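Structure first, then comments.
The values are calculated or read from the model by the stated rules, or taken from the named source; none is laboratory data. Note that the structure is predicted; figures quoted are calculated from it, not measured. Cβ: placed from backbone, ideal geometry, glycine included. Neighbour counts: every protein chain shown.
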Amino acid sequence: MPITVARFNLVDPNGTPESLSARYRAALEMAKYADDRGIDTVQTEEHHGTGNNWMPSPFLFAGAVFGATRRIAVTVSAIIGPLHDPLKVAEDIAVLDLLSGGRLVTVAGIGYRPEEYEQHGVEWGRRGRLQDELLETLLKAWTGEPFSFRGRTVRVTPRPFTRPHPLLLVGGSSRAAARRAARLGLPFFPSAHLPELEAYYQEQLAEHGTEGFCMMPAAQTPLLHISEDPDRAWAEYGEHFLHEAGMYASWQSKDIVSAVRSGAHSVSELRAEGVYRILTPDEAVAHARAAGEAGNLVLHPLCGGMPVDEGWRSLQLLCEQVLPRLKS
């Protein structure tokens, strides 16, 4: 059975403070519902200063999810590492790891939007060095022992729940990211299905004498919505998928590789492309069985400002008509 994922980035291009509050609270209720019905992980992410209210604070959202749930993991995929103070990240992840009993998974990337660096007053050209500093600091901080940081001795407490440390992966689609992960003995999370990069990562592990693993996305990992009538759902809600696909694509240069990158300019093109898919429950079962244990089943119930009621219908169909058949 594939890993089951409920993705939330809380995008809403027409959101008001009132509607966004309702959307955030609905996402927490959905996470609690998903937890009770066996979905493996909630996935969330980080972007700043967008025109469509993309959520900028994934760790805060993760803490709220952990407070509302008992067993489901939260995968932050990804934080933009160089934008963060390393000591604060070490503390935040330690607290979340303790709060959740080890249910937090953090992927650290460097991002691809210079405007986010500018907004935070961080030099774009230093992003690689800052990412190295962040990762090295986290690994030292979580020992609970004093260490040297920017010319002074510091200590981060409390120690996390997970030993030797909370699950931390290095994200990216470059050789530099693969080298960074291998040098530090951290797992590698490519942003797309890139077997040649996985091979390079394995070479680097051998060269550095470290151990790690690669969490490679499948060749196709579409973002899903479940509906008993996909034609109706595409007609009524296709613009929500197109909005998010277009916004995401507009941020990425030709050098950026992503498993969910779309080139569509219309709802019909998006539907034909297959990056976003609306499936019936029967189609979703077939899709999951074809993906097998190596794949992910990623539901995006509130995609692109999707009405909350429709998001609930999609999630309930997954949990009530798809997952029980897969488990049996």
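List of remarks:
- Some residue of the range 120-139 being surrounded by fewer than 19 Cβ atoms within 10 Å (Cβ to Cβ), modelled with pLDDT of 95 or more, over 20 Å from the mean Cα position of the chain (by Cα) and of a type in the set (S, T, N, Q): no
- For the range 198-212, a tally of residues being over 24 Å from P2 (Cβ atoms), buried (at least 17 other Cβ atoms within 10 Å of the Cβ) and without any contact (Cβ under 8 Å) to a residue 24 or more places away in the chain returns 1.
- Selection count where residues are of a type outside the set (A, V, I, L, M, F, W, C) and in contact with a strand residue (DSSP E or B) (Cβ under 9 Å, 6 or more places away or on another chain), scope the range 241-253: 1
- Looking across the range 213-228, just one residue is free of Cβ contacts under 8 Å to residues at least 40 places away in the same chain and crowded, with 19+ Cβ neighbours inside 10 Å, and that is C214.
- For the range 239-263, filtered to residues that are surrounded by fewer than 19 Cβ atoms within 10 Å (Cβ to Cβ) and in contact with a Phe, Trp or Tyr (Cβ under 9 Å, 6 or more places away or on another chain), the residue that is modelled with the highest pLDDT is M247.
- Of the strands (runs of 3 or more DSSP E) that lie entirely inside the range 109-206, those containing 2 or more residues that are farther than 14 Å from A90 by Cα span 152-154, 167-172, 188-190.
- Residue that is nearest to A6 (Cα to Cα) [pool: residues in the range 288-312 that are crowded, with 16+ Cβ neighbours inside 10 Å and either more than 21 Å from the chain's Cα centre (by Cα) or among the aromatic types (F, W, Y) (or both)]: W312
- Scanning the range 162-191 for residues that are over 16 Å from I79 (Cα atoms), in contact with a Gly (Cβ under 7 Å, 6 or more places away or on another chain) and buried (at least 18 other Cβ atoms within 10 Å of the Cβ) yields T162, A182.
- Subset of the range 267-296 (residues that are touching a helix residue (DSSP H, G or I) at 6+ places or on another chain (Cβ under 7 Å) and either aromatic (F, W, Y) or at pLDDT 95 or above (or both)): V267, L270, R271, Y276, I278, L279, T280, P281, A284, V285
- Just so you know, in the range 22-59 the residues that are under 20 Å from Y112 (Cβ atoms) and of a type in the set (D, E, K, R) include one that is surrounded by the fewest Cβ atoms within 10 Å (Cβ to Cβ), and it is E45.
- Near pairs, Cβ below 6 angstrom, 6+ apart or cross-chain, from the range 92-111 (in contact (Cβ under 8 Å) with a residue 12 or more places away in the chain and crowded, with 20+ Cβ neighbours inside 10 Å) to any residue that is among the polar types (S, T, N, Q) and in a loop (DSSP other than H, G, I, E, B): D97/T162
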